[in-house]
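K.L.:
The structure under discussion is supplied below as structure tokens; questions concerning it will follow.
The values are calculated or read from the model by the stated rules, or taken from the named source; none is laboratory data. Model, not experiment: these values are computed from the prediction. Ideal geometry is used to build each Cβ from the backbone, glycine not excepted, and the neighbour counts take in all protein chains shown.
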Amino acid sequence: MDSQIFNPNPTIIATTQPIARRRATQAKLSLWLLDGDDDSKPIDADEVFDLIRSISDPEHRSMTLEQLAVVSAPQVTVTPNHILVEFTPTVPHCGMSTLIGLSIRVRLLRTLPTRFKIDIRVKPGSHQSEHAVNKQLNDKERVAAALENPALVDVLETCLESAGRR
Amino acid sequence: MDVDLPYRVVSVADLSGHDDRAWHVAWNPAKPLLATCSADKSVRIYAYTPDPSPNFVLHTSIPTGHTKTVRGIAWSPSGHTLATASFDANIGIWQREDQDDAGEAVGGEWECVTILEGHETECKSVAWSPTGTFLASCSRDKTVWVWEAQPDADFECMGVLMEHTQDVKCVAWHPREEILASASYDDSIKLYLDDPSEDWFCFTTLTGHASTVWSLAWAPNGQYLASASDDRTVRIWKRITEHEWKCVLVLEEHGRTVYSVTWGVGKPGKTDSGSESLGWLASTGGDGRINVWAFEESPEATNKRPPKSRLIARLENAHGVNDVNSIAWCPRKGYEDLIATVGDDGVAKVWKVASV
């Protein structure tokens, strides 16, 4: 992978409690009753955020996407069968943006029911190649081909290792 | 379900078996065979019994040996040869082991008779020219290759066309003339001809789609070309002069990316209104919907007038909640009302478009 550093000194924010787990504990419900259980509550933006907040940043591996304010709950939009996740690269020239977007997509593909159509975009105005990044992240053929590239999958898995921690 | 449409899309067969997303489906033009390919790297071939109620059974499953997804497949016009396009950048050429002198298969396994190497990255689509003389292929490496098929499964590269600025998603040959079309991630469509004294060249570029063009389908009469795009539209391009094509129609009946379009003969001949039928167009995509249009053209139609189009059938959730990746009309006589689809669920489905 590229060894160039795009943002040597990122801003780190304080993180909050996992929203859905807090609620789930109160209600004595499992957060992971996602598959085909019609009795469970509909999935909301907080739950989707919980799934992606702890993904490691590919450039600053010790930090999560939440800590770097790359993802946040207000940037997730959920409608019955559709999820839109916007993320904010830490710098507008961030060369890791497609990798971050891909890790979010793979995390959601692995954890959400298949009925959801997922769109992933960078926050409008937050990246100099916004259109190109968005197009690549939402081209399922490119995503499928990327996931058959062992070197890329290795990096992705490293970022996703921390994703289930909270 | 739109109850007021004159035709219905009726299920004929549900063929599961792929272990992963199925990408493409192709009817053998000469024999009762249907092929599908998948991210599981296999090709499945189904045989079917004659109409009116065709029964589909698995004929064979080919593991292919491709090291990555098999993205596209194409039968040669004779029906003897199958080409596979894979994300491993290679093209496989397949024939049945035992063929008689006429090339007619008399049995045996499907075997890989040659592998065409040359593309640098994922190969996405392959297509045979109407006479079977040429095979075209395209790739994420932005190129389109034209191969000449020679005896003994030998292929010679006749040209590498580097016209697109991004991935090339699809190649399709004109049904009668040696005109090749390619569609790309760069949002454009390019048409190519063979210059007898020079190489293959791009003679026109069709622009108008606002995003990736995923699929192309020529009208059976060769006077129209349909394109399907990530901009959620299907565009109809009309031949204005020999080498000039113009967009005459934009069909907006999909809610997500349109991944595939196919143009069949439908009900040929004169329609009730005395117009000439241009056949039936079917499209599908990320919204899981199948749309079927009938096209016709009045005899006094001027060059730049769009054909008359009518949505005649629609089916929602053709593969449940899954994306539908490919759709194809059966090209064989007597089976023109059959369409096949494959989806992210790894299932192949066969449908009949029947009057209500």
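K.L.:
How about the stretch A:49-85: which of its residues are within 14 Å of chain B (Cβ to nearest Cβ) and surrounded by fewer than 16 Cβ atoms within 10 Å (Cβ to Cβ)?
P.N.:
The answer is A:Thr79, A:Pro80, A:Asn81, A:His82.
K.L.:
Just checking, which of B:Gly266, B:Gly288 is modelled with pLDDT under 95 and buried (at least 21 other Cβ atoms within 10 Å of the Cβ)?
P.N.:
Answer to the selection: B:Gly266.
K.L.:
Take the stretch B:315-336 and flag every residue that is away from every other protein chain (no Cβ under 14 Å) and touching a residue at least 40 places away in the same chain (Cβ under 8 Å).
P.N.:
Listed by number, the residues that qualify are B:Leu315, B:Ala318, B:Ile327, B:Ala328, B:Trp329, B:Cys330, B:Pro331, B:Arg332, B:Gly334, B:Tyr335, B:Glu336.
K.L.:
OK, next. Output the residues belonging to the stretch A:63-99 that are in a helix (DSSP H, G or I) and farther than 17 Å from A:Thr15 by Cβ.
P.N.:
Matches in the stretch A:63-99: A:Ser97, A:Thr98, A:Leu99.
K.L.:
Another question about this same structure. Residues of the stretch B:182-208 being out of contact with any Phe, Trp or Tyr (no Cβ under 7 Å at 6 or more places or on another chain) and within 14 Å of B:Lys124 (Cβ to Cβ), which ones?
P.N.:
B:Ser182, B:Ser184, B:Tyr185, B:Asp186
K.L.:
Something else about it: Please work out if A:Glu148 is part of a loop (DSSP other than H, G, I, E, B) and either hydrophobic (A, V, I, L, M, F, W, C) or within 14 Å of another protein chain (Cβ to nearest Cβ) (or both).
P.N.:
Against the criterion (part of a loop (DSSP other than H, G, I, E, B) and either hydrophobic (A, V, I, L, M, F, W, C) or within 14 Å of another protein chain (Cβ to nearest Cβ) (or both)), A:Glu148 qualifies.
K.L.:
Out of everything in the stretch B:55-75 that is away from every other protein chain (no Cβ under 14 Å) and within 18 Å of B:Ile327 (Cα to Cα), what residue ends up being surrounded by the fewest Cβ atoms within 10 Å (Cβ to Cβ)?
P.N.:
For the stretch B:55-75, the residue satisfying everything is B:Phe56.
Residue-wise test of (1) farther than 26 Å from B:Asp337 by Cβ; (2) touching a helix residue (DSSP H, G or I) at 6+ places or on another chain (Cβ under 9 Å).
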| position | (1), (2) |
| --- | --- |
| B:Lys190 | yes, no |
| B:Trp214 | no, yes |
| B:Ala217 | no, no |
| B:Thr257 | yes, yes |
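K.L.:
Let me ask something additional. When A:Val122 is evaluated against the numbered criteria (1) hydrophobic (A, V, I, L, M, F, W, C); (2) touching a residue at least 40 places away in the same chain (Cβ under 8 Å); (3) more than 14 Å from chain B (Cβ to nearest Cβ); (4) farther than 24 Å from B:Lys68 by Cα, which criterion, by number, is the only one it fails?
P.N.:
(2)
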